[in-house]
Protein chains: 2
Amino acid sequence: MSAGKHLGKGSVHPALPDDGVPRLYSMRFCPFAERAHLALNAKKVPHHTIYVNLTEKPEWLVDVSPLLKVPALHLVGEKAQPSLIESLIIVEYLDEKYPENPLLPKDPLKRAQDKILVERFSAITGAFMKIVIHGGDGADFWPAIDIFEAELGKRGTPYFSGEKPGFVDYMIWPWFERLAVAEFILKESYNFDKKRYAKISAWLDLIVKDEVVQSHYATPEQHLTYWKSRKAGQTNYDLLA
Amino acid sequence: MSAGKHLGKGSVHPALPDDGVPRLYSMRFCPFAERAHLALNAKKVPHHTIYVNLTEKPEWLVDVSPLLKVPALHLVGEKAQPSLIESLIIVEYLDEKYPENPLLPKDPLKRAQDKILVERFSAITGAFMKIVIHGGDGADFWPAIDIFEAELGKRGTPYFSGEKPGFVDYMIWPWFERLAVAEFILKESYNFDKKRYAKISAWLDLIVKDEVVQSHYATPEQHLTYWKSRKAGQTNYDLLA
């Protein structure tokens, strides 16, 4: 279901079997693309993965992702073979299309509350980006995590989605998987306080062992190696290929 | 269903009948809040509207909208009386909760495509904001409309949602309703070319007469008067009260 090296400028659009299964265009270290991988794997949807070099993008990428973004899900089995973009829209589509292992609750109110929570997570993705790309000091990162700590307490379950991971868990996990990068950059000012984030810490200990998470997992060291290569201007997309 | 003046700092949180119907916290000229009004009216959902002064926010706003944003939909009929925020999440909630006059298609693929289109509309809301708030020259505004012109052509229907307005139509309309403000600011460089945007022009002529749109409509002159009052630092929230 998964392919190897990242294809770049000058590459040939790979010929895939004419089997009608969706094709995910992805980048191995993109946290937004990871959301789509986790949803596909959670729901056991057969698919192909094509990894793309985002520094030197292949000329053919525009054919399957008009805005040249990943993740893009190319639905070759559908009439006119449309592509979907935007990680959350892709995940909701998969959840509606494939009933196995539902990610979002059925109740409209609970669905909306889960979507709002993931929307509020953009405070964390934004703060994380500031640290990782712009060398920010993380001042806005820690208070943003408090909201999720409080929410886990309010829900009173090991996962945001209950007794097993679901939409919220998988949509926010990719940034927690990359905490080691923030720790490396922030050094002494890194402050993941296990008392302040007691419930999130317990959640992290659990979710990292989840088989869906493990299906698309990179270690803290691998994320750090990737980040260093990018920082050095020689992004090693194929680190895990 | 709708209330008058915008409540500000020092105001008393209005006592409303204990009827269990949703309460929409809104600002009369906010295009994002308008999305929620249009969805409530399209689906004929009984509700109360409380208008809020966004310059000097009421102290009690935090109780119904923790991030002090509008629109916020306070579901007083639900257990624990939760509030929903984010215009699109509110609208999807209403569409799932109240079956009458569905806004989004039922087919997962078509739903996803409509959501992607509205997501892409953020290029227009962003470009509009640049013109209206920061005095931008609109260079990125016009090409963003091309996407919607092309999409109407592709769909081959008078509205984005078919023979009558639906999700895409109502979610993007509020910015078209405010075109006069862009025209006033851009002056000679305003360039709404009726040939280039032939299909959008026909759509505008139709949708402005729609009864749902008319249920929460302000004229070009009213939008302009509002914008001028805001620009002058004396926002006239109650222009239509």
Relative contact order computed over chain B (Cα-Cα under 8 Å; 6+ residues apart), in percent: 20 percent
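In which sequence would B:152, B:38, B:67 go, from the one with the fewest C-beta neighbours within 10 Å to the one with the most? Intermediate values should be presented prior to the final figure.
Numbers: B:152 20, B:38 24, B:67 13.
Taking fewest neighbouring Cβ atoms as first place, the list is B:67, B:152, B:38.
Identify the GluC sites (Glu not before Pro) of region B:150-241 meeting these criteria: DSSP loop state and at most 11 other C-beta atoms within 10 Å of the C-beta.
Numbers: sites: B:151, B:163, B:177, B:183, B:188, B:211, B:221; in loops: B:163.
Loop-located and lightly packed - B:163.
Please average, across the residues of B:97-108, the number of beta carbons from any other chain that are within 10 Å of each residue's own beta carbon, and give a whole number.
Partner-chain Cβ atoms within 10 Å, mean over residues of B:97-108: 1.
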Residues with amide H under 5 Å from that of residue A:236, placed H, sequence gap 5 or more: A:229, A:230
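Name the GluC sites (Glu not before Pro) in region B:51-140 that are in a loop by DSSP and that have at most 10 other C-beta atoms within 10 Å, would you? Mind showing how you got there, number by number?
Numbers: sites: B:56, B:59, B:78, B:86, B:92, B:96, B:100, B:119; in loops: B:56, B:59, B:78, B:86, B:100.
Loop-located and lightly packed - B:100.
What does the convex hull of the Cα atoms come to per residue for region B:57-216, in Å³? Don't jump to the answer; show the numbers that get you there.
Working: hull volume 22.9 nm³, N = 160.
It comes to 143 Å³ per residue, whole-number rounded.
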Exam field: residue B:79 pseudo-label spacings to other copies (7 Å along Cα-Cβ), nanometres: 4.2
Relative contact order [Cα under 8 Å, 6+ residues apart], region B:94-190, whole percent: 29 percent
Helix-only [θ]222 nm of chain A, DSSP H runs n ≥ 4, -39500 (n - 2.57) each, per residue, nearest 500: -14000 deg cm²/dmol
For B:129, B:27, order by how many other beta-carbon atoms lie within 10 Å, fewest first: B:129, B:27
Shortest-first distances to equivalent copies, position residue B:139, nm, label 7 Å out along Cβ: 3.2
Rounded Å value of the spacing that divides the Cα centres of region B:172-191 and region B:55-78: 30 Å
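Using the Cβ atoms and a cut-off under 12 Å, what net charge is assigned to the surroundings of residue B:135, where Lys and Arg are +1 and Asp and Glu are -1?
Numbers: positive: B:130, B:187, B:231; negative: B:137.
Once positives and negatives cancel, what remains is +2.
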Test item: B:86-93 mean partner chain Cβ contacts at 10 Å: 4
Rotation relating A and B, chain B residue nearest the axis via C-beta, angstrom: B:92, 5
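Averaged over its residues, how many other protein chain Cβ atoms are within 10 Å of peptide B:118-131's Cβ atoms?
Working: counts 1, 4, 4, 0, 0, 1, 0, 0, 0, 0, 0, 0, 0, 0.
If you average over the peptide's residues, the count of other-chain Cβ atoms is 1.
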Amide H partners (placed H, <5 Å) of residue A:7, local residues excluded: A:51, A:52, A:53
In region A:42-111, the chymotrypsin sites (Phe, Trp or Tyr not before Pro) that fall in loop regions by DSSP, at most 15 other Cβ within 10 Å: A:60
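Return A:95, B:210 ranked ascending by Cβ neighbour count within 10 Å, so the fewest neighbours appear first.
Working: A:95 21, B:210 18.
Listing A:95, B:210 from fewest to most nearby Cβ atoms yields B:210, A:95.
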Teacher prompt: residue B:68 distances to equivalent labels in other copies, 7 Å Cα→Cβ, nm: 3.9
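Could you give the longest part of chain A that holds none of the trypsin sites (Lys or Arg not before Pro) found in DSSP loops with at most 14 neighbouring Cβ atoms within 10 Å? All intermediate terms of the calculation are to be shown ahead of the outcome.
On the way: sites that count: A:5, A:9, A:44, A:79, A:106, A:194, A:195, A:196, A:209.
Maximal segment without exposed cleavage sites: A:107-193.
All of the numbers you see were taken from the coordinates with simple rules; none came from a lab. Since the model is a prediction, treat every value here as computed from it, not as a measurement. A quick note on method: Cβ atoms are made from the backbone with ideal geometry, for glycine too, and the neighbour counts reach across all protein chains shown.
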